[in-house]
Amino acid sequence: MIEARELREGYIIREAAPADVEAACEIAKQAWERIHDSFSKIMSQQMFDDLSPNWKARKADQIRSHFEKNPLWIWVVEHASDGIVAFLTFRIDRDRSLGTIGNNAVDPRAQGTGIGSEMYRVVLDMFRREGLKYAEVQTGLDEGHAPARRAYEKAGFDIRREDVTYYKKL
């Protein structure tokens, strides 16, 4: 689906290889720390601990599972000296003419460099070349997801449907 290509000097984007998956899992665990910290403040630490045990292992399992089922649908950004610095998973639903960006993150060492924006540009261009009419990405409304919301809006996502999850202690 994608030939390895240079995003900018020193950075290439390419399909993930089996050896890249664990690096993507580590980046995801780091990136989701802020999100889960936000969740624990919203819910209370006890409720968060009860409802989200082993969240890091589960997040890594999501990425591994995506690679096992759809190895062409996970891309990585590799820096010449720093190794894997970002990843992105996606799905294509031809029946609905929809490309979905799934789990994605940029290593803290490369955040703020524009790598995320370039990664979204490349996948959105691929969705267009595939003849898709729509693209979607889901994110949360909590403070932990604020950087992701800004990145998606910067990438041109401008139609927003809001969902809410309610909890109640019993």
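Throughout, read-outs are computed from the coordinates displayed, never taken from laboratory work. What you see is a predicted model, and the numbers here were worked out from it, not measured in a lab. Heads up, the Cβs are rebuilt from the backbone with ideal geometry, glycines too, and the neighbour counts pull from every protein chain shown.
Sort 45-53, 85-93, 141-149, 116-124 by the packing proxy (mean of other Cβ within 10 Å over each peptide's residues), most packed first. Each step should come with its number before you reach the end.
On the way: 45-53: 12.1, 85-93: 21.1, 141-149: 16.3, 116-124: 19.4.
Highest-to-lowest ranking by the protection proxy: 85-93, 116-124, 141-149, 45-53.
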| note | For the chain, averaging the sequence separation of alpha carbon pairs under 8 Å that lie six or more residues apart and dividing by its residue count, the contact order in percent is 22
| note | Using alpha-carbon positions, the gyration tensor of the stretch 77-169 gives root eigenvalues a ≥ b ≥ c; with a/c under 1.5 called rounded, otherwise prolate if a/b exceeds b/c, else oblate, the class is oblate
| In whole Å, what is the distance between the alpha-carbon centres of the stretch 127-170 and the stretch 71-90? | 21
| message | Could you compute how fast the chain diffuses translationally, taking Rh as the Kirkwood radius over C-alpha pairs and applying Stokes-Einstein at 25 °C with viscosity 0.890 mPa s? Give it in µm² per second. | response | 145
| query | What ranking do 10-18, 126-134 get when scored by the average of other Cβ atoms within 10 Å per residue, highest first? | reply | 10-18, 126-134
